[in-house]
Structure formats: C-alpha cells, structure tokens
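As structure tokens, the structure follows; a few thoughts come after it.
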C-alpha cells in the first residue's frame with residue numbers, strides 16, 4: 001500500500017535531539033491505547049537486514065474515504081548504500097469488520113501498475129502487491145508491498161527501490177510475517193514493549209506538528225548517539241515524541257522521551273553519566289545549578305540550534321531520573337535562552353506529575369507552545 005504523501009524530509013530520528021522526521025501533519029489519536037497499539041506493531045532495526053537505519057516514525061493523517069479508521073502510523077528505514085527503503089505501517093479501526101472493509105478500500109485504490117497475489121497472513125484478507133508507482137515528486141518507485149488484516153488493524157510492510165526496479169517479494173513477505181507475529185502479541189496482551197509509555201507523556205501536540213512519535217530499541221538509541229555498550233543499552237523501553245510549533249514544522253520544537261530501565265540505580269546512572277554518553281551539541285554548556293525536586297538525578301544543558309535558514313536559536317535540555325525511568329525534555333529553537341529554560345522547566349513540572357500518576361495536563365510553555 002503506497003503512501004501518497006511526501007513523507008520524509010530528513011534522515012534522522014532521536015531520543016534527545018528534536019528532528020524533522022516526517023514532513024506531513026500527523027493526526028495523533030487521542031487514545032493513548034490506540035497510539036501504543038499502532039506504534040508497537042511496526043518493525044525495528046533488529047528485524048531488518050543489515051545496513052538499514054531509522055529515518056523516522058510517526059502518525060499520518062487518516063485516509064480519505066476509509067470508514068472507521070482511528071489511526072494511521074508508519075515507520076521508515078533506509079539503506080544508506082542502496083537507497084532502498086522499508087516501510088511498515090498500521091491502520092487501526094474501531095472493529096474487525098471495519099478493518100476488513102478498510103482493507104478493501106485501501107487496496108482498491110492502488111495504481112494500475114501494481115499486481116496483487118493472495119497471501120496467508122493475519123486473521124483475514126492478505127495480499128502482496130508488486131510493480132511500480134509514482135511518488136509525490138513523480139519518481140518511479142519499484143515496490144513489493146505485503147498487506148494484511150489482523151483483528152482490528154490493517155498492517156503492511158513495503159520494500160521500495162528508488163531506482164524503479166522491483167525488489168525481492170520474499171523479503172516483504174518475511175518481514176510482514178514478523179509484523180503479523182508482533183501484532184498478534186499486541187492483540188493477545190503480550191507486547192514486547194511497554195504499552196503504557198504513550199500515556200506517560202503530557203499532551204503537548206495541540207497546535208503543533210508531530211514529526212516523530214514511537215518506540216525506539218536500545219540498539220537504535222545507541223546508533224543515534226554513536227555509543228556502544230553504554231548505559232543506553234540497558235534501556236528496556238523507549239518512547240519519544242517530537243512536536244514542532246513553528247510555521248511548516250519549523251522550530252521551536254519540543255521533544256519528550258521516556259525510557260525505562262531494569263532498576264532505579266540503572267536509570268540514575270544514565271543521568272549521572274550523561275556527559276559521557278551523549279555527544280555534545282553545538283555551543284553546549286552544562287547548567288551547574290540544575291535541581292529538580294522529586295527526582296533521583298538531574299542534569300541540564302544550554303545549547304545552540306541550527307534549523308534550516310535559522311542560523312542560531314537558543315535551546316535547553318533537561319534529563320532526569322525518577323525511579324526506573326529516565327525522561328528527557330528538550331526545547332529547541334526558542335527566542336532566547338531564558339524562554340527556552342523557562343519552557344523546559346514548565347514542561348518538566350507537568351511531565352513529573354504525569355509520570356507519578358498525578359494527572360497529565362497540557363503544559364504551559366510561554367514563547368514555545370502556543371496557548
């Protein structure tokens with residue numbers, strides 16, 4: 001199932017660094033349960049052939065003319081050497097009947113340059129589409145795209161070749177089998193990730209553009225930061241969301257990342273070792289007087305952001321441990337240092353309350369998040 005929108009604007013996604021992962025306005029479902037279900041099904045680096053790196057993952061607008069859809073999620077990886085991309089995607093629905101009808105509607109709108117073959121996957125209809133399609137820029141893309149119904153979701157994996165050649169259909173089928181097994185685990189209540197993490201982020205997407213949202217593996221986080229065998233490798237779950245509040249998805253941006261560890265001591269060690277674990281950002285300065293009541297450890301940094309045509313913008317990052325959880329709040333591209341710090345501290349206060357079960361209220365961050 002091809003994605004008609006022009007999705008990708010930069011090849012990066014991160015736990016601590018706000019990025020432009022996807023170039024379209026996301027439509028994030030209000031239900032954190034739906035968010036978790038969709039994001040938990042898609043593939044990770046560990047599932048893919050060697051040489052693939054995460055480009056980005058987020059929610060996309062709901063498809064037109066498809067009744068009952070509650071979310072549309074995509075995760076994209078690319079092979080730097082060949083340019084080949086692997087997309088895994090999920091459409092969630094309110095019921096199994098709606099998912100079955102949604103499959104027909106989505107597959108029925110494919111290009112006539114694609115041919116279909118039935119598959120044995122999921123709990124309902126399944127097929128693989130091979131051939132070519134044109135992307136939003138008019139480029140001819142060769143694709144092998146396996147799509148199937150599992151319960152209340154339509155799920156797929158597409159392997160795309162930018163040179164127009166048709167990729168190995170068996171690879172798409174094999175990867176779709178992995179996604180099917182993962183979807184079955186989510187459906188059966190035995191997901192490999194913590195499905196409560198999306199609910200532990202304060203609601204901060206309103207009036208902004210969500211450019212990254214989803215789970216990361218510990219291995220992916222280490223690749224992003226150029227580390228190996230660091231404290232990051234012991235993370236058991238990671239969920240990250242980035243929202244841009246400037247025009248067209250530009251700065252200011254806010255990233256909140258929540259990661260859990262096997263113990264409170266492991267989480268505390270990550271924060272205390274942040275200087276060594278994370279590569280320094282441009283003009284980074286550690287804040288000597290950073291304190292945070294209720295946390296086990298906290299560090300904060302000022303740094304300079306460079307965002308497209310914007311030469312320099314002030315940014316602020318707070319990393320804190322609270323029990324077995326490490327949380328990062330990153331405000332990038334504020335008007336000045338005081339605005340960035342004030343916004344980050346305000347968001348952290350709301351985030352702490354949310355994580356401790358005291359209610360998840362949208363944060364007030366003047367000068368960054370529109371009121």
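Quick check on region 85-190: what are the equivalent-ellipsoid semi-axes from the Cα gyration tensor, as sqrt(5λ), descending, whole Å? Before the final figure, lay out the partial values.
Values: eigenvalues 115, 43, 25 Å².
Listed largest to smallest, the semi-axes of region 85-190 are 24, 15, 11 Å.
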For the Cα atoms of the chain, what angle does the longest principal axis make with the long axis of helix 96-107, in degrees from 0 to 90, nearest 10? 70 degrees
Average the reciprocal distances over every distinct pair of alpha-carbons in the chain, invert the result, and give the Kirkwood radius in Å. 21.0 Å
Helix 169-187: inclination vs the chain longest Cα principal axis, degrees, rounded to 10, gives 60 degrees
Per residue and in cubic angstrom, what volume does the convex hull of the Cα atoms of region 40-98 have? 97 Å³
Calculate, axis by axis, the spread of Cα positions in region 182-248 along the three principal axes, and write the results as whole Å, longest axis first. 37, 35, 18
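Jot down the per residue volume, in cubic angstrom and as a whole number, of the convex hull over the alpha-carbon atoms of region 197-355.
On the way: hull volume 17.0 nm³, N = 159.
Considering the Cα atoms of region 197-355, their hull volume per residue is 107 Å³.
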Compute the angle between helix 32-41 and the longest alpha-carbon principal axis of the chain, please, reported from 0 to 90 degrees and rounded to the nearest 10. 60 degrees
Per-residue [θ]222 nm for the chain (sum of -39500 (n - 2.57) over DSSP H runs n ≥ 4, rounded to 500): -6500 deg cm²/dmol
Fraction in percent of alpha-carbon pairs per bin - 5 Å, region 311-359: 5, 22, 27, 19, 13, 9, 3, 1, 0
Whole angstrom only: what separates the Cα centroid of region 230-286 from the Cα centroid of region 204-222? 11 Å
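A short reminder: the numbers here are calculations on the coordinates, not readings from a lab. Because the structure is a prediction, the values reported are computed rather than measured.
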